[in-house]
Amino acid sequence: MKKIAVLLLALLLIPCAALGETVKVSEVTHSVFYAPQYVALGLGFFEEEGLQIDLMNGGGADKVMTSVLTGEADIGLAGPEACIYVLLAEHDDAPRVFAQLTCRDGSFLVGREQEDFSWENLKGKQIIGGRKGGMPEMTLEYVMKQHGVVPGVDAQVDTSVQFNMMAGAFIGGDADYVALFEPTATEAELAGQCVVLTSIGKESGEIPYTAYFAAQSFLNEKADAVQRFTNAIYRGQQWVYDHTDAEVAEVLLPFFPDTSLEVMTQVVARYREIQAWNPTPVMKRSALERLETVMESAGELEQRVEFEKLVDNGFAFQALENN
């Protein structure tokens, strides 16, 4: 009888141990752009690190940052510009970036019909660009200026539409162009609702576009969990780089049930072509400096931040050693 009781107790404890430590992650949106993250989830890399991920859609970088600052989320996935704003505001527990996921803008400029596209075509037109001060909108304006199209003078950039509503607003008839992420851009194109014209990220160059961050207190108190999280992300990045578009698409498909395998493979190929994913979680100083240049160009940054105060690459470098 005693042996049976011990066995039953062991069986009850197994599920608890198997679940591991739960980490709450708020992502800025749900997109194939974050493929290495979903690969790490789909292939069990987090579980192998003893973590369970509670993933939520923040619906914008400002909302993701709010969730991290209030403790609703442990880790945020969004543009580092959100961390810069908080750091410059001298917040007591300002979040720091500890792992970079993507290394250029993941949005595509979309029009209503096929055209011999040139950025000068935007002159006199209206573009739905995203939230003012957010990375999609700032990068779009940066690229426009690089091609001699001045926002607010040569073309109007609409910053009033919420990120998750941009496709619907454009399809509903607002504006001449819109900046969309995948798989929304490809799906809308295949449905005959628009035409993907060019990659904004390809034009902007390397930028630490999306990264993971957490409050300094969380990084201190949960350093082991953060390290294991970063290990899993790096494994996801490696796996994406080492496998074909079709293989990556198959792993991603359960996270995007409304997307076909054919479309998913096409989307993965499109992101691979522009080298959207950072090969490691390490953030480069030069990349952050370009990000700050983009923010300055948009009139959203008056003072640059110290790299070491914003970024903690220690977890990323350790992940490289661990794998």
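Bear in mind these aren't lab numbers, they're just calculated from the coordinates by the rules spelled out. Keep in mind that this is a model prediction, so the values were computed, not measured. Glycine also receives a Cβ, built like all others from the backbone with ideal geometry; neighbour counts cover every protein chain displayed.
Values as computed for the structure displayed
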read-out	value
Helix 261-273 axis, angle to the chain major axis (alpha carbon atoms, nearest 10°)	70
Taking the chain and dividing mean pair separation by its residue count, relative contact order in percent (alpha carbons under 8 Å, at least six apart)	27
Per-selection Rg to Rh, the chain - Cα, Kirkwood hydrodynamic radius	1.01
Lys63, Lys309, Lys145 arranged by Cβ crowding within 10 Å, fewest neighbours leading	Lys309, Lys145, Lys63
Packing-based exposure ordering (other Cβ within 10 Å, fewest first) of Glu182, Glu262	Glu262, Glu182
Efficiency of FRET between Asp154 and Leu190 - r from beta-carbon atoms, R0 25 angstrom, step 0.05	0.20
Label-point separation in nm, Leu261 to Lys123, each point 7 Å along Cα→Cβ	4.8
Asp54-Glu115 pseudo-label distance in nm [points 7 Å out on the Cα-to-Cβ vector]	4.7
Theoretical gain in end-to-end length, Phe317 to His91 [0.36 nm per residue, Cα-Cα removed]	78.7 nm
Share of pairwise Cα separations in segment 40-101, more than 19 Å, in percent	36
Fewest-first sequence of Ile127, Ile200 by Cβ atoms within 10 Å of each Cβ	Ile200, Ile127
Degrees separating the helix 223-242 axis from the principal Cα axis of the chain, which is the longest one	60
Radius 12 Å from Cβ of Val25, net charge of other residues (Lys, Arg +1; Asp, Glu -1)	-3
Full-stretch length increase - Glu306, Arg272 - with 0.36 nm per residue and alpha-carbon distance subtracted	9.1 nm
Entries of Lys24/Lys222; Lys222/Lys309; Lys202/Lys284; Lys202/Lys309; Lys63/Lys222; Lys132/Lys309 with Cα pairs more than 21 Å apart	Lys202/Lys309; Lys63/Lys222; Lys132/Lys309
Cα gyration tensor shape for segment 171-323, rounded if a/c is under 1.5, else prolate or oblate	oblate
Computed [θ] at 222 nm, deg cm²/dmol, the chain (DSSP H ≥ 4; -39,500 (n - 2.57); rounded to nearest 500)	-13500 deg cm²/dmol
Quotient of C-alpha Rg and 2.2 N^0.38 Å, computed over segment 108-204	0.95
